[in-house]
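Here's the structure we're looking at; comments come further down.
The values are calculated or read from the model by the stated rules, or taken from the named source; none is laboratory data. All values reported here derive from a predicted model rather than from experimental measurement. Because the Cβ atoms are built from the backbone with ideal geometry, glycine has one as well, and the counts that use them run over all protein chains shown.
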Amino acid sequence: MLILERNGLVLLAERAHTGYSDGQLNLPSGKVNEGEDVISAAIREAREEVGVEVHREAVRIVHVMHYRNPEGETRVGWFLAASEWAGKPYNAEPHKCAGIGWYPINDLPENAQPYNAAGIARFLKGEPFSVVGW
């Protein structure tokens, strides 16, 4: 997950038509492709989902979370952050996203995806690692 932050705001996208967390706001994110490292994946997802180019040297790892959702599914999430990128963010995947917007990073909307919101909260506290939902 890539936290794109600017002036106390974070860029979130509203999921739509995916069958997973539709209607919830989430960070640009996705799976790591074969042969790809986690930083390259975050950079690719930012380009694919919100149309911005993030340089590798602008990305920093800010949190790692071992998460279990209420249904018992688990994942390990890498939360990365960047405050510099090229291009103006836009909804580059309208078939999967109802829209994007900037939200106060310290006061996320109620429909923020819980996993993403938990990672953002840990990032703001300066916690490098957490176990959530166990």
Scan of the range 75-112 for residues that are among the β-branched types (Val, Ile, Thr) and touching a residue at least 40 places away in the same chain (Cβ under 8 Å), ordered by number: 100, 105
Only one residue in 47, 68, 60, 75 is in contact with an Asp or Glu (Cβ under 7 Å, 6 or more places away or on another chain) and basic (Lys, Arg). Which one? 47
Among the residues listed as 48, 84, the single one being assigned to a loop (DSSP other than H, G, I, E, B), acidic (Asp, Glu) and over 22 Å from residue 130 (Cβ atoms): 84
All conditions in (1) under 20 Å from residue 43 (Cα atoms); (2) part of a helix (DSSP H, G or I) are true of residue 99 except (2)
Could you say whether any residue in the range 60-67 is at pLDDT 95 or above and closer than 15 Å to residue 28 by Cβ? yes
Qualifying position, being surrounded by 15 or more Cβ atoms within 10 Å (Cβ to Cβ), of a type in the set (A, V, I, L, M), in contact with a Ser or Thr (Cβ under 9 Å, 6 or more places away or on another chain) and farther than 27 Å from residue 17 by Cβ, among 64, 59: 64
Can you find, within the range 94-134, the residue that is nearest to residue 7 (Cα to Cα) among those that are among the aliphatic types (A, V, I, L, M) and touching a strand residue (DSSP E or B) at 6+ places or on another chain (Cβ under 6 Å)? 105
If you go through the range 22-51 one residue at a time, how many are surrounded by fewer than 21 Cβ atoms within 10 Å (Cβ to Cβ) and of a type in the set (A, V, I, L, M)? 4
Restricted to the range 70-89 and to residues being more than 20 Å from residue 39 (Cα to Cα) and of a type in the set (Asp, Glu), the residue surrounded by the most Cβ atoms within 10 Å (Cβ to Cβ) is 73
For residue 94, work out the one condition from (1) of a type outside the set (D, E, K, R); (2) loosely packed, with under 15 Cβ neighbours inside 10 Å; (3) touching a Lys or Arg at 6+ places or on another chain (Cβ under 8 Å) it doesn't fulfil. (3)
Residue selected from the range 112-134 under the condition at pLDDT 95 or above, under 21 Å from residue 68 (Cβ atoms) and over 14 Å from the mean Cα position of the chain (by Cα), by the criterion surrounded by the most Cβ atoms within 10 Å (Cβ to Cβ): 130
